[in-house]
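The values are calculated or read from the model by the stated rules, or taken from the named source; none is laboratory data. Note that the structure is predicted; figures quoted are calculated from it, not measured. We place every Cβ from the backbone using ideal geometry, glycine too, and count neighbours over all the protein chains shown.
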Amino acid sequence: MERVPGIDVSRWQGTMDWQKVAEAGYRFAVIRATIGDYYSDPRFFTNWSEAREAGLLLSSYHVITPNVSADAQIGRFFEVLGKRRPDLPLVLDVERTDGMSPQVITQRIRECLDGIEAGAGRKPIIYTARWFWDRSVLPSSQWSTYDLWVASYTRNPILPRDWQSWLIWQYSESGTVPGSGSRHTDLNWFAGSYEDLLHYAGRADEPPPHEARWHVRVVVPKLNVRNGPGRQYDNIGDLYEGDILELLTLTGDDVWVEFEPGKWAAFSLKGDPYLRLEIL
């Protein structure tokens, strides 16, 4: 199965460098907005705008508190979201009892799901773990009509009893992510290819994300282009100071780079640099 990496974050990750997150290959992010009717994540607005600018596909999650009315909770959720529109469905995070019975928890989940769908126009995703769901929520054939984001820190995901498959798998709560302000960040897989993820987000016509590649820059006034990695090869053209080339191969008795098939230039000769290595 193809999988696409993503992360979920809250204020606990601190200041994020979302460009580094994107450059590391993470393609989606789910950002905490609210808990119950009393808490708005102070990092939500910054995380959302900077992750959006970095090109990640976005969603947001609300942590349900079963002891508070659904109207109050979902009202706060949409108040924080404002006019922001997620790429992926919104998420209801189900992992608290707040002293309530399974009957009350189950009813509150239904009410919150209905409220999110009414406000967003799309069924939300349910985030939960089997250890919580199976003991705290009453079984129903209704649940499998919602996509599942499962938390399971095991070799293979362990699903709650009401699902046979998962859409997103949170496989670690202690990952190391470039750009994260915390040593521990939740890591996730989306079940499918990047094209599948774009289709799920309703953005199937978009090109794949830009991947950083090594480039070299000419740092001398003029540089010969040869048809092999050495001065014994024929001179087939010239490069000039400031020219930038994508690096294909780095080799030679001194150091030579291939920047197009059959075209080589000296990176350094006898310790004298002719090109500078850059990531673009």
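Does segment 26-42 contain any residue that is within 21 Å of E173 (Cβ to Cβ), among the acidic types (D, E) and surrounded by 15 or more Cβ atoms within 10 Å (Cβ to Cβ)?
Yes, segment 26-42 contains at least one residue that is within 21 Å of E173 (Cβ to Cβ), among the acidic types (D, E) and surrounded by 15 or more Cβ atoms within 10 Å (Cβ to Cβ).
Name every residue in segment 1-60 that is among the acidic types (D, E), within 21 Å of P124 (Cβ to Cβ) and touching an Asp or Glu at 6+ places or on another chain (Cβ under 8 Å), in order of residue number.
Step one: filter segment 1-60 for residues among the acidic types (D, E), giving 2, 8, 17, 23, 37, 41, 50, 53.
Okay, now just the ones that are also within 21 Å of P124 (Cβ to Cβ), so 8, 37, 41.
The one that is among the acidic types (D, E), within 21 Å of P124 (Cβ to Cβ) and touching an Asp or Glu at 6+ places or on another chain (Cβ under 8 Å): D8.
Taking segment 182-199, which residues are surrounded by fewer than 20 Cβ atoms within 10 Å (Cβ to Cβ) and either at positive phi or part of a helix (DSSP H, G or I) (or both)?
Once the filter is applied, which keeps residues that are surrounded by fewer than 20 Cβ atoms within 10 Å (Cβ to Cβ) and either at positive phi or part of a helix (DSSP H, G or I) (or both), segment 182-199 yields G192, Y194, E195, D196, H199.
Of the residues A33, A54, A24, which is within 20 Å of the chain's Cα centre (by Cα), under 27 Å from R108 (Cβ atoms) and of a type in the set (G, A, S)? Full working, then the answer.
Numbers: A54 fails: under 27 Å from R108 (Cβ atoms); A24 fails: under 27 Å from R108 (Cβ atoms).
The conditions single out A33.
Considering D162, D134, D147, which residue is among the acidic types (D, E), surrounded by 13 or more Cβ atoms within 10 Å (Cβ to Cβ) and either touching a residue at least 40 places away in the same chain (Cβ under 8 Å) or under 27 Å from G14 (Cα atoms) (or both)?
On the way: D162 fails: either touching a residue at least 40 places away in the same chain (Cβ under 8 Å) or under 27 Å from G14 (Cα atoms) (or both); D134 fails: either touching a residue at least 40 places away in the same chain (Cβ under 8 Å) or under 27 Å from G14 (Cα atoms) (or both).
Among D162, D134, D147, only D147 is among the acidic types (D, E), surrounded by 13 or more Cβ atoms within 10 Å (Cβ to Cβ) and either touching a residue at least 40 places away in the same chain (Cβ under 8 Å) or under 27 Å from G14 (Cα atoms) (or both).
Going through L138, L92 one at a time, which residue ends up being in contact with a Phe, Trp or Tyr (Cβ under 8 Å, 6 or more places away or on another chain) and of a type outside the set (V, I, T)? Lay out the reasoning, then the answer.
Numbers: L138 fails: in contact with a Phe, Trp or Tyr (Cβ under 8 Å, 6 or more places away or on another chain).
That would be L92, the only listed residue that is in contact with a Phe, Trp or Tyr (Cβ under 8 Å, 6 or more places away or on another chain) and of a type outside the set (V, I, T).
I'd like to know if segment 16-27 contains one or more residues that are of a type outside the set (K, R) and assigned to a strand (DSSP E or B).
No, the conditions are met nowhere in segment 16-27.
Given the criteria in the same structural domain as G75 (by TED's automatic domain parsing) and in contact with a strand residue (DSSP E or B) (Cβ under 7 Å, 6 or more places away or on another chain), does V177 qualify?
Details: in the same structural domain as G75 (by TED's automatic domain parsing): yes; in contact with a strand residue (DSSP E or B) (Cβ under 7 Å, 6 or more places away or on another chain): yes.
Yes; evaluated as a whole, the condition is true for this residue.
Is at least one residue of segment 63-73 within 13 Å of the chain's Cα centre (by Cα), closer than 30 Å to L138 by Cβ, modelled with pLDDT of 95 or more and among the hydrophobic types (A, V, I, L, M, F, W, C)? First the steps, then the outcome.
Here is the first cut: in segment 63-73, the residues within 13 Å of the chain's Cα centre (by Cα) are none.
Taking every residue of segment 63-73 in turn, none turns out to be within 13 Å of the chain's Cα centre (by Cα), closer than 30 Å to L138 by Cβ, modelled with pLDDT of 95 or more and among the hydrophobic types (A, V, I, L, M, F, W, C).
Of the residues that sit in segment 1-35 and are at pLDDT 95 or above and of a type in the set (D, E), which one is nearest to F77 (Cα to Cα)?
By that ranking, first place goes to D8.
Restricting segment 36-51 to residues that are within 21 Å of G202 (Cβ to Cβ) and among the small types (G, A, S), which is farthest from the chain's Cα centre (by Cα)? Show your work before the answer.
Just the residues of segment 36-51 that are within 21 Å of G202 (Cβ to Cβ), to begin with: 48-49, 51.
Okay, now just the ones that are also among the small types (G, A, S), so 49, 51.
Numbers: S49: 14, A51: 9 Å.
Checked segment 36-51; the qualifying residue farthest from the chain's Cα centre (by Cα) is S49.
How do the pairs read when you match residues in segment 33-50 that are in a helix (DSSP H, G or I) with residues anywhere that are of a type in the set (G, A, S), using Cβ under 8 Å and keeping only pairs 6 or more apart or on different chains?
Qualifying pairs under 8 Å: F44/A33; F44/S60; N47/A29; W48/S60.
Report whether or not M100 is in contact (Cβ under 8 Å) with a residue 60 or more places away in the chain and aliphatic (A, V, I, L, M). Break it down into steps so the answer makes sense when it comes.
Working: in contact (Cβ under 8 Å) with a residue 60 or more places away in the chain: no; aliphatic (A, V, I, L, M): yes.
No: the conditions fail for M100.
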